Amino acid sequence: MISKKYSAMLNNTSIIREFAQYASKRAAEIGAENVFNYTIGNPSVPTTDDFNKGLIDLIQNEDSLALHGYSPTLTIYSVRKAVAESLNRRFGMEYVPEDIFMTSGAAGALAHAIRCVTEPGDEVITFAPYFPEYVPYVDGTGAVLKVVPADITSFQINFDAFLEMMNPNVQAILINSPNNPSGIVYSTETITRLAQILSEKQEEYGHDIYLISDEPYREIVFEGTDSPFISKFYDNTICCYSFSKSLSLPGERIGYVAVNPKCRDAELIINMCGQVSRFTGHNCPSSLIQLGVAKVLDETSDLSIYEKNKNILYKELTAMGYECVEPGGTFYMFPKTPIADANEFCNMTAHELDLILVPGDSFMCPGHMRLAYCTTTDMVERSLPLFEKAIKMCK
Ligand code: PLP
C-alpha cells in the first residue's frame, strides 16, 4: 500500500517547475541563448570569496571529527551566538543565542516555526500573492492555510479582507516581505497596522497569535525602499531567514529561526524546534555550512544586478503598456498580463516566442505573470522586443 497523500500530490505538481522544464527542453533544442527563461528564482551571482575562503580555512585548520561531526540538537552554539550578535548589530535588537536555531533554509525554518505554534486544524493566514510552496509547508503540519485576497493596486496588505477572515481559530499569520512573486516590500505603515491588529486580536481571543515572517529576500532591497525589520514591531514574531538568496547558497540549505526575545515563550519555542527536528528528520544543517556562514553574516553576494535588471524591465515594460507595481526588492516582478487569462498568455509567449513566464494563478493571483529576473542583463535586453511583440499580439 503506498501513501495516498503523497501519491495525490503528484497530480498537483508545480506550474513553475513545468514552465522551467519546458524552458530547459527548448534550450536543448534551439540553444540556451535563444530561450528567454524567467521562470526560476535561482540566484544568478556567485557567493562571496570570503565564504569560499572561510570554508577552505575550516577544512584545513579545524579538527575533522568536530567539523564533520553531528551538530548539537539545537545547532552549534557559537553560530547561534554569532547570528544573534549580527542581528543586534544590524537591527538594534536584543537576541541571545537561545533565541536562534539554525535550519535547512527558509523551508526548514518555516517547517519548524509552524509546527511550534499550531495544532492540527488551527488556521494559518497568509496573503495573496504568495509562494505556492506555502501549501505543502502548512498542509504538512496539519494546520489549515487560509488566503487573504491580494490588493492588486499596491500588493500591500488588504486589511479589510484580512479583518473579515480573522477568528479565534487563527494561531499564526504567515507573511513574506520582500515578497515572492510581487517584489513588494511591506512598508512601516503596513507592518505597524498589522502589529496593532494582532495585538488587539490576541486580547480579544485570549491567546497568542504568532507572526511568522518569511524573509529569504531581506537583503535584496532597492534604493529608496522603506524596509522595516519586521520583528521590531510585534513581540510574538518568529523570523524565518535563509542564506539561499543573500549569499547565493540555495543548494547548501542553510537559514535560521529567530524568535523575538520579547516573545514570552522564545526559549521554549527554540527548545521545541529541536523536538520538531526529530519528528521531521531534519537533524540540523551540515556543521561545516553552519560554521561557514557564521564567518560572513554581515556580507552578501554582489546583488546589484537584480536592481539593474529591475530598472530596465520596469521602465521598458511599462512604456510598452504593461501595468506593474514597481518592485522594491527581490528579483521578481509581477505585471498584469495583457489578457485576463494569464495561463493562455504565458502559454502563448512560451510556445510562440520562447519567452517563458509563470502565470500568476500559481501564486493565487490570476491575471498576472511572474518574471524571475535573476538572469543576465544581456538576456533581459534581448528579451525586450519579445515583450513588445507579445503585447501587440493581444491587441
Ligand atoms: N519562501 C519564499 C518566499 C521563497 O521564495 C523561497 C524560495 O524560493 C523559500 C521560502 C524557500 O527558501 P529556501 O531555499 O531557503 O528553503
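Values in this text are rule-based calculations from the coordinates and carry no lab data. Keep in mind that this is a model prediction, so the values were computed, not measured. Note: ideal-geometry Cβ built from the backbone for every residue, glycine included; neighbour counts use all protein chains shown.
What does the charge dipole of the chain about its Cα centre add up to, to the nearest 20 debye, if the Cβ of each Lys and Arg holds +1 and the Cβ of each Asp and Glu holds -1?
That gives the chain a dipole magnitude of about 620 debye.
222 nm [θ] for the chain, helices only, -39500 (n - 2.57) per DSSP H run of 4+, per residue, to 500?
That comes out to -13000 deg cm²/dmol.
Quick one: net charge of GLY321's neighbours, Cβ under 14 Å, K/R +1, D/E -1?
Charge balance in the 14 Å sphere: +2.
Please list, in order along segment 205-216, the HN-Hα scalar couplings obtained from phi with the Karplus expression 6.51 cos²θ - 1.76 cosθ + 1.60 (θ = phi - 60°), rounded to whole Hz, x for Gly and Pro.
These are the phi-based 3J(HN,Hα) values: 8, x, 8, 5, 10, 9, 9, 9, 10, 8, 10, x Hz.
Mind checking which of LEU291, PRO250, VAL144 is farthest towards the positive end of segment 49-294's charge dipole, using Cβ charges of +1 (Lys, Arg) and -1 (Asp, Glu) about the Cα centre?
Of the candidates, LEU291 comes out farthest on the positive side.
Mind listing the long-range amide H neighbours of LEU249? Cut-off is under 5 Å, sequence gap 5 or more, other chains count too, H placed in the peptide plane at 1.01 Å from N.
For LEU249, the qualifying residues are SER244.
For THR39, what residues show an amide H to amide H distance below 5 Å, using hydrogens built from the backbone and excluding near sequence neighbours?
Under 5 Å from the amide H of THR39: ALA372.
Once amide H atoms are placed 1.01 Å from N in the peptide plane, what residues at a sequence separation of 5 or more from VAL144, or on another chain, have their amide H within under 5 Å of its amide H?
Here the answer is GLY121, ASP122, GLU123, VAL124, since their amide H atoms fall under 5 Å of that of VAL144.
How many nm separate the modelled label positions at ASN11 and ASN347, each set 7 Å beyond the Cα in the direction of the Cβ?
2.0
For LYS232 and GLN196 in the same chain, what is the full-extension length gain: residue separation times 0.36 nm, less their Cα-Cα distance, in nm?
Net length gain for the segment: 11.7 nm.
If I build a Gaussian network model for the chain, linking alpha-carbon pairs within less than 10 angstrom, which residue out of GLN21, GLN171, GLN275 has the largest mean-square fluctuation?
GLN21
What ranking do GLU219, GLU119 get, fewest neighbouring Cβ atoms within 10 angstrom at the top?
In order of increasing Cβ crowding within 10 Å: GLU119, GLU219.
For segment 372-378, just list the computed ³J(HN,Hα) in residue order, Karplus coefficients 6.51, -1.76 and 1.60, θ = phi - 60°, integers in Hz, with x standing in for Gly and Pro.
Working through the residues one at a time gives 9, 9, 7, 8, 7, 5, 4 Hz.
Using the Karplus curve 6.51 cos²θ - 1.76 cosθ + 1.60 with θ = phi - 60°, what ³J(HN,Hα) values do you get for each residue of segment 21-32, in whole Hz, with x for Gly and Pro?
Along segment 21-32, the couplings run 5, 4, 4, 5, 4, 5, 4, 5, 7, 10, x, 4 Hz.
Per residue and in cubic angstrom, what volume does the convex hull of the Cα atoms of segment 183-235 have?
With only Cα atoms used, segment 183-235 gives 77 Å³ per residue.
Residues of segment 346-377 with the amide nitrogen closer than 20 Å to a label point 7 Å from the Cα of LEU384, along Cα-to-Cβ, please.
Zone members listed by number: 353-357, 371-377.
With the Cα gyration tensor of segment 244-314 giving a ≥ b ≥ c as the square roots of its eigenvalues, does the rule (a/c under 1.5 for rounded; else a/b larger than b/c for prolate; else oblate) give rounded, prolate or oblate?
Working: a/c = 2.45, a/b = 1.86, b/c = 1.32.
Judged from the Cα gyration tensor, segment 244-314 comes out prolate (a/c at least 1.5, a/b above b/c).
In the chain, what percentage of the DSSP-assigned beta bridges are antiparallel, given to the nearest 5?
Around 45 percent antiparallel, to the nearest 5.
For GLU381, GLU29, what ranking results if the residue with the fewest other Cβ atoms within 10 Å of its Cβ goes first?
On the way: GLU381 13, GLU29 10.
The fewest-first ordering by Cβ neighbours comes to GLU29, GLU381.
Exposure proxy check: GLU307, GLU252, GLU204 ranked by fewest other beta carbons within 10 Å?
Lowest to highest Cβ neighbour count: GLU204, GLU307, GLU252.
Go ahead and set up a Gaussian network model of the chain, Cα springs under 10 Å, then flag whichever of ALA27, ALA319, ALA266 fluctuates most.
ALA319
Taking only the alpha-carbon positions of segment 49-294 and ignoring solvent, what does the Debye formula give for the base-10 log of I(q)/I(0) at q = 0.09, 0.11 Å⁻¹?
-0.37, -0.56
Between the alpha-carbon centers of segment 297-318 and segment 252-274, tell me the distance in whole angstrom.
Distance between centres, Cα-based: 31 Å.
From the residues GLY321, SER362, PRO261, which one has its Cα farthest along the dipole of segment 247-395 in the positive direction, the dipole being from +1 and -1 charges on Cβ of Lys/Arg and Asp/Glu about the Cα centre?
The residue sitting farthest along the positive end of the dipole is PRO261.
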